[in-house]
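Enquirer: Please see the structure below; I have some questions.
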Amino acid sequence: MGIEDVVREAIRSSFGIDYKEAIPLSRPKKPEFGDMSTSVAFQLAKRLGSSPNVISEKIAKELASTSELFERVTTQGGYINFHFGKTFFSKLIGDIISGKLASLVRRLSDGEFVQIEYVSANPTGPLNVVSARAAAVGSSLVNILRRVGYDVKGEYYLNDAGNQVRLLTESLRARIKQLKGERADIPDEGYHGEYLLDYARDAIEENVPDDRLSDWILSRITDDIKETLKRFGVCFDSWVSERELRSSGRVEKLISELDKKHLVYEKDGAIWFAATSLDPESEQDYVLVKSDGEYSYFAVDIAYHLDKFQRGFSHVWDIWGPDHHGHIKRMQLALRSLGYDRAFSAILLQQVNIVEEGKRRKMSKRRGELVTLNELLGEIDTDVARFFFLDRRVGAHLDFDLELARKESEENPVYYVKYAHARIRSIERLAGLRGITPGSIENLLGIPEFLHLARRVAEYPDVIVRTARELETHILTDYLLALSRDFHHFYHIHRVITGDRERSSGMLSLVLAVAEVIKDGLALLGIEAPERM
RNA sequence: GCGCCCGUGGCUCAAUUGGAUAGAGCAACGGACUACGAAUCCGUAGAUUGGAGGUUCGAAUCCUCUCGGGCGCACCA
């Protein structure tokens, strides 16, 4: 029985009511307020026509006499504060250092088959820093959801068809001609980035026939994207090709499916999806088949998502850039008509701006103004870059100052966390030399810094759950920073290995637990925890 | 014009989704290595949470208005 149930039970026996709402539990800001607290008395005050003070005291009294979970239950101005006992911490630390850390995390799912689709940048050029943010966040969320029990697959949707590809090929063709000294202009809407010059050189060298140019450039760029992602520590479970999707007949099938539901009509030579008839709130209808006979991006994307569900995913998260937000509503609408809207959610990752000398610079792949992930990784460490992207809310804009990133790579917070880990491993090595092994911590919990650090370690399982639930990696990075800070502070006050073997054993248990948590947390974020630095 | 996201110390970000005195890191200033790693620690200073109303026991968080910044509103993807 968890804390929530215990409190609910206490409310029942104190006031004879069934409290069905969630019991708000939070970690108090001050240590004297205990290990966990609830403000439920405030909520009950109105309903019971009594003051929070009176109510909280009654519940606390009831809890103190009935629950074995707590050493003490106190009240403070209407708040009810719970204090855990020594056995709670002993068991926790013991479990962590004996390799049971993963089992302490509450499972949010029992193997539900789900997918996260991320990056999915068009294969028309090198990955930029915007995709890098998506790559860092997506790959970490895959790990974290896996930890709380989901069966997660990460997928990259490759837009290797349609207009953009045509423009890419024409741009490349123009670059080849230019290199051969012929006059040729890159189409206005085409890709003007210099990177195409390198590809053009290779194409000339390899003597790629003109009718194979499109396939050739797509596979070259796709390979380079895969290579870059690998360098960034990102590996996808699957890659889905838009071109194959188009030729598979799935789009056609989708349209006839929608047609059966009377959501399709023809106008001006195009075929439309009747969004407005499905939802009066919708502003407009959307084209499925253009008047030139080509499928629209929207049509193919619906077919793609339908295919995901037909592959058995019960939930699908897409990580999209802010420029896609207009796409969310209509996708949900289309999926609703097919019966899948609740199984789909989009995570809108806010944009990354490149900042130079305090001014934002526009990023455009077509104009070729971009900072590539490869360039970035040439300047700073993969781990530093990942941490940089992960230590922020997804909804927050990110002003990326390469100058600053370069500078910060030497004083980046990620090293603070890594250093805490390396320091503990160093202590562990010394303990090994002295023949000291982990032992009981019970006699040390009276030391304030020791208790504080133990409490911080105890938060970890809940931090993972919150990170997974909110799909926000910064919750985990922030926690790791706080844990590292608490450890460094502890380290300066208390020596772990001393002549007192019993005390040393207990101290060692706690710091080893800290190291295990750091290692585990960093691993979930795709970052290495070094033994030495 | 309509819709969505963001405004928190000089800078970059938090605040467990409405809870206790708004917290950290950079940068600034002053201190700490003769025992486990100084990539560290301790201290000082710095905030009318863009602004104005409202909702209630309680607001950075919710509602209305307003001011800035960004992004959408295609037979582009």
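The values are calculated or read from the model by the stated rules, or taken from the named source; none is laboratory data. Since this is a predicted model, take the numbers as computed values, not measurements. Ideal geometry is used to build each Cβ from the backbone, glycine not excepted, and the neighbour counts take in all protein chains shown.
Enquirer: What's the number of the only condition in (1) near RNA strand B (Cβ under 8 Å from one of its atoms); (2) without any contact (Cβ under 8 Å) to a residue 40 or more places away in the chain; (3) closer than 25 Å to A:Ser103 by Cβ that A:Glu472 fails to meet?
Expert: (2)
Enquirer: OK, next. Within region A:1-38, restricting attention to residues that are surrounded by fewer than 17 Cβ atoms within 10 Å (Cβ to Cβ) and among the hydroxyl-bearing types (Ser, Thr, Tyr), which residue is farthest from A:Lys86 (Cα to Cα)?
Expert: Within region A:1-38, the match that is farthest from A:Lys86 (Cα to Cα) is A:Ser13.
Enquirer: I'd like the full set of residues that are within 10 Å of RNA strand B (Cβ to nearest atom), surrounded by fewer than 15 Cβ atoms within 10 Å (Cβ to Cβ), touching a residue at least 40 places away in the same chain (Cβ under 8 Å) and of a type in the set (D, E, K, R), limited to region A:422-444.
Expert: Across region A:422-444, the qualifying residue is only A:Arg434.
Enquirer: Before we move on, is A:Asp237 among the acidic types (Asp, Glu) and buried (at least 18 other Cβ atoms within 10 Å of the Cβ)?
Expert: So A:Asp237 fails the test.
Enquirer: For region A:83-114, enumerate the residues that are under 27 Å from A:Gly446 (Cα atoms), among the polar types (S, T, N, Q) and within 29 Å of the chain's Cα centre (by Cα).
Expert: Scanning region A:83-114 gives a single hit, A:Ser98.
Enquirer: A further question on this structure: Confirm whether A:Leu481 is hydrophobic (A, V, I, L, M, F, W, C), in a helix (DSSP H, G or I) and near RNA strand B (Cβ under 8 Å from one of its atoms).
Expert: It is true that A:Leu481 is hydrophobic (A, V, I, L, M, F, W, C), in a helix (DSSP H, G or I) and near RNA strand B (Cβ under 8 Å from one of its atoms).
Enquirer: Also, I was wondering about something else. If you take the residues in region A:404-421 that are more than 23 Å from the chain's Cα centre (by Cα) and modelled with pLDDT of 80 or more, which one is farthest from RNA strand B (Cβ to nearest atom)?
Expert: Once the filter is applied, the top-ranked residue is A:Ala420.
Enquirer: Within 29 Å of A:Val457 (Cα to Cα), part of a loop (DSSP other than H, G, I, E, B) and either under 37 Å from the mean Cα position of the chain (by Cα) or at pLDDT below 85 (or both): does that describe A:Ile80?
Expert: In short, no.
Enquirer: Would you pick out the residues in region A:469-478 that are surrounded by fewer than 22 Cβ atoms within 10 Å (Cβ to Cβ) and either hydroxyl-bearing (Ser, Thr, Tyr) or out of contact with any Lys or Arg (no Cβ under 7 Å at 6 or more places or on another chain) (or both)?
Expert: A:Arg469, A:Glu470, A:Leu471, A:Asp478
Enquirer: Restricting attention to region A:32-65, and to residues there that are within 39 Å of the chain's Cα centre (by Cα) and more than 11 Å from RNA strand B (Cβ to nearest atom), which single residue is farthest from A:His452 (Cα to Cα)?
Expert: Residue satisfying both the conditions and the ranking: A:Ile59.
Enquirer: Across region A:484-512, which residue is farthest from the chain's Cα centre (by Cα) among those that are near RNA strand B (Cβ under 6 Å from one of its atoms) and assigned to a helix (DSSP H, G or I)?
Expert: Top of the filtered list is A:His492.
Enquirer: Right, next: Could you tell me whether A:Ile447 is outside the structural domain of A:Pro31 (by TED's automatic domain parsing), without any contact (Cβ under 8 Å) to a residue 60 or more places away in the chain and near RNA strand B (Cβ under 8 Å from one of its atoms)?
Expert: Spelling it out, it is not the case that A:Ile447 is outside the structural domain of A:Pro31 (by TED's automatic domain parsing), without any contact (Cβ under 8 Å) to a residue 60 or more places away in the chain and near RNA strand B (Cβ under 8 Å from one of its atoms).
Enquirer: Separate question: Under 8 Å between Cβ atoms, which residue pairs at least 6 apart in sequence (or on different chains) link something in region A:275-292 that is farther than 15 Å from A:Asp259 by Cβ with a partner that is within 11 Å of RNA strand B (Cβ to nearest atom) and modelled with pLDDT under 85?
Expert: Short answer, once both residue conditions are applied: A:Thr276/A:Ser282; A:Thr276/A:Glu283.
Enquirer: Of all the strands (runs of 3 or more DSSP E) wholly in region A:157-273, which have at least 2 residues that are in contact with a Cys (Cβ under 7 Å, 6 or more places away or on another chain)?
Expert: none
Matching residues to (1) crowded, with 23+ Cβ neighbours inside 10 Å; (2) at positive phi; (3) without any contact (Cβ under 8 Å) to a residue 40 or more places away in the chain; (4) part of a strand (DSSP E or B):
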| site | (1), (2), (3), (4) |
| --- | --- |
| A:Ser65 | no, no, yes, no |
| A:Glu71 | no, no, yes, yes |
| A:Ser90 | no, no, no, no |
| A:Ile96 | yes, no, no, no |
| A:Ile116 | yes, no, no, yes |
| A:Ala134 | yes, no, no, no |
| A:Asn143 | no, no, no, no |
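Enquirer: Right, something else. In this structure, does A:Leu278 turn out to be of a type outside the set (S, T, N, Q), on the phi < 0 side of the Ramachandran plot and at pLDDT 95 or above?
Expert: Criteria not met by A:Leu278.
Enquirer: Okay, next question. Across region A:283-332, which residue is farthest from RNA strand B (Cβ to nearest atom) among those that are crowded, with 16+ Cβ neighbours inside 10 Å and of a type in the set (Gly, Ala, Ser)?
Expert: In this case the residue turns out to be A:Ala303.
Enquirer: So if I check each of A:Glu369, A:Glu375, which one is more than 16 Å from RNA strand B (Cβ to nearest atom), more than 30 Å from A:Ile255 (Cβ to Cβ) and at pLDDT below 90?
Expert: None of the other options fit; the residue is A:Glu375.
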